[in-house]
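Report on the following structure.
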Amino acid sequence: MWLAIKTKLGLADSSVTVEQKTNLPGAARKEGFSCTATVLKFGRRLIYGTAECVDDSGRLLTHSTITCIQGEK
C-alpha cells in the first residue's frame with residue numbers, strides 16, 4: 001500500500017497508516033507468492049485501500065484493508 005500511495009503522491013509524501021485489518025486465510029509453505037495493493041479512494045485527508053497476497057497457484061494468503069492519512073502539504 002505504501003508503494004501504491006507513493007506512486008500517486010510522490011516520494012516526499014508523509015502519509016501514515018491509521019488503521020489496518022489483516023486476515024490470514026492461508027499459509028505460505030516454502031513457495032513463492034506475490035502481493036498487490038489497490039487504492040480504492042483518495043479523499044481530502046484519508047486514503048482507503050486493500051492489499052492481498054496469493055501463492056503461485058493463486059490461493060489467497062492474506063487480505064488487508066488499510067486506511068492512511070495524508071501528511072501535511
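The values are calculated or read from the model by the stated rules, or taken from the named source; none is laboratory data. Here the structure is a predicted model, which means the values were calculated and not measured. Here the Cβ positions follow ideal geometry from the backbone for every residue, glycine too, while neighbour counts run over all protein chains shown. The accessibility values were calculated without ligands, DNA or RNA, using every heavy atom of the protein model including side chains. Shrake-Rupley method; radii C 1.70, N 1.55, O 1.52, S 1.80 Å.
Count of lysine pairs in the chain with Cα atoms under 24 Å apart, counting only pairs 8 or more residues apart in sequence or on different chains?
Numbers: Lys6/Lys21; Lys6/Lys41; Lys6/Lys73; Lys8/Lys21; Lys8/Lys41; Lys8/Lys73; Lys21/Lys41; Lys41/Lys73.
Lysine pair count for the chain: 8.
Given the Cα-Cα distance of Leu24 and Arg59 and 0.36 nm per residue of separation, how much length would full extension add, in nm? Could you put the intermediate results ahead of the total?
On the way: separation 35, 0.36 × 35 = 12.60 nm, distance 1.15 nm.
Extra length available between Leu24 and Arg59 comes to 11.5 nm.
Just flag the trypsin sites (Lys or Arg not before Pro) in segment 26-56 sitting in loop per DSSP whose Cβ has no more than 16 other Cβ atoms within 10 Å. Write down the numbers at each step before the final one.
Numbers: sites: Arg29, Lys30, Lys41, Arg44, Arg45; in loops: Arg29, Lys30, Arg44, Arg45.
Here the trypsin sites (Lys or Arg not before Pro) that fit, given the DSSP loop and packing criteria, are Arg29, Lys30, Arg44, Arg45.
Given the rule -39500 (n - 2.57) for each run of at least 4 DSSP H residues, summed and divided by the residues of the chain, what is its mean residue ellipticity at 222 nm, to the nearest 500 deg cm²/dmol?
Numbers: 1 runs with 8 residues, N = 73.
The per-residue figure over the chain is -3000 deg cm²/dmol.
Only sites in a loop by DSSP and with at most 14 other Cβ atoms within 10 Å count here; which GluC sites (Glu not before Pro) in the chain make the cut?
Details: sites: Glu19, Glu31, Glu52, Glu72; in loops: Glu31, Glu72.
In loop regions of the chain (DSSP not H, G, I, E or B), the sparsely surrounded GluC sites (Glu not before Pro) are Glu31, Glu72.
Can you give me the accessible area per residue for the chain, using a 1.4 Å probe, in Å²?
On the way: 5170 Å² over 73 residues.
Spelled out: the 1.4 Å probe surface of the chain, per residue, equals 71 Å².
Considering only protein heavy atoms and a probe of 1.4 Å, how much of the accessible area of the chain is carbon and sulfur, as a whole percent? Mind showing how you got there, number by number?
On the way: 2880 of 5170 Å².
Carbon plus sulfur share of accessible area: 56 percent.
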